[in-house]
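Novice: One structure coming up, written as structure tokens, with questions to follow.
The values are calculated or read from the model by the stated rules, or taken from the named source; none is laboratory data. Just so it is clear, the structure is predicted and the values come from calculations on it, not from any experiment. Quick reminder, even Gly has a Cβ in these numbers, built from the backbone with ideal geometry, and neighbours come from all protein chains shown.
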Amino acid sequence: MRQLLRRISVFVVLFSAWPATSGCAQEQAEQPAQGSFKVVHVIGLEGIKHDTKGTIAVAKDTLEFSTGPTKSGVSIPSMQDVLTGADSERAIGGTIGVLSSLAPYGGGRFLSLFRKKIDTLTIQYRDSNGGLHGVIFTLPPSQGAALKKQLLAGGAKTSISVEDEAKQQRESKKAKEKKP
């Protein structure tokens, strides 16, 4: 009986890791068109559900998020603060990630160690009535700074320049490497 459980858990672990690795390679191979970025809307835009995948395009004085027929935009001059950051998320998520957590002998916990890097873009803006709002997007790695530069060129404001953010990220990476 134990041998059967071990075989099943090994199968679940291998089966769960296979789609994640092929998806990561495919995701890195796809490059967005010039001026548009593939993103995930985490929270903040009116009429758009949380965790919706779509594209962002910077046009004249508007940042436009579109997913299928649904579109939402933010005026670039109304942006009070644009911030980027580096983060990571689970590589194996969704149904397979939940089912893998049920694997015996801690197999599911092991799969949660696989992570992929992402960039975050946080925008603080004012609407036409003066109300303060915020939007959070996630992007593939190393695209956050490029999008931020486009927004700043269009008239957005920031509390931390692109160069200062890059310097802070390098310093935090060095600090993590020094820890034993």
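Novice: For region 139-148, which positions are hydrophobic (A, V, I, L, M, F, W, C) and outside any strand (DSSP E or B)?
Specialist: Hits for region 139-148 are Ala145, Ala146, Leu147.
Novice: Taking the options Asp164, Asp127, name whichever one is surrounded by fewer than 12 Cβ atoms within 10 Å (Cβ to Cβ) and either under 14 Å from Val39 (Cβ atoms) or among the acidic types (Asp, Glu) (or both).
Specialist: It is Asp164.
Novice: When region 53-82 is examined, which residues are found to be hydroxyl-bearing (Ser, Thr, Tyr) and either in contact with a Pro (Cβ under 6 Å, 6 or more places away or on another chain) or more than 18 Å from Gly144 (Cβ to Cβ) (or both)?
Specialist: Scanning region 53-82 gives Thr62, Ser66, Thr67, Thr70, Ser72, Ser75, Ser78.
Novice: Still on this model: For region 121-138, which residues satisfy the criterion of being under 16 Å from Ala156 (Cβ atoms) and not in a loop (DSSP other than H, G, I, E, B)?
Specialist: Leu121, Thr122, Ile123, Gln124, Tyr125, Arg126, Leu132, His133, Gly134, Val135, Ile136, Phe137 - these are the residues of region 121-138 that are under 16 Å from Ala156 (Cβ atoms) and not in a loop (DSSP other than H, G, I, E, B).
Novice: Just to check your reading of the model, which residue among Thr84, Thr95 is modelled with pLDDT of 80 or more and part of a helix (DSSP H, G or I)?
Specialist: So the residue among Thr84, Thr95 that is modelled with pLDDT of 80 or more and part of a helix (DSSP H, G or I) is Thr95.
Novice: Something else: Please state which of the following conditions Ala59 fails to meet, knowing it meets all the rest: (1) farther than 17 Å from Pro140 by Cβ; (2) within 19 Å of the chain's Cα centre (by Cα).
Specialist: (2)
Novice: For region 150-161, which positions are in contact (Cβ under 8 Å) with a residue 12 or more places away in the chain and either in a loop (DSSP other than H, G, I, E, B) or surrounded by fewer than 16 Cβ atoms within 10 Å (Cβ to Cβ) (or both)?
Specialist: Residues satisfying the conditions are Gly154, Gly155, Ala156, Lys157, Thr158, Ser159, Ile160.
Residues are listed down the side, and each one gets a yes or a no for (1) in contact (Cβ under 8 Å) with a residue 12 or more places away in the chain; (2) surrounded by 16 or more Cβ atoms within 10 Å (Cβ to Cβ):
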residue	(1), (2)
Pro69	no, no
Leu99	yes, no
Thr122	yes, yes
His133	yes, no
Glu177	no, no
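Novice: In addition: Please tell me if Thr70 is β-branched (Val, Ile, Thr), in contact with a strand residue (DSSP E or B) (Cβ under 9 Å, 6 or more places away or on another chain) and either over 23 Å from Arg126 (Cα atoms) or at pLDDT 95 or above (or both).
Specialist: no
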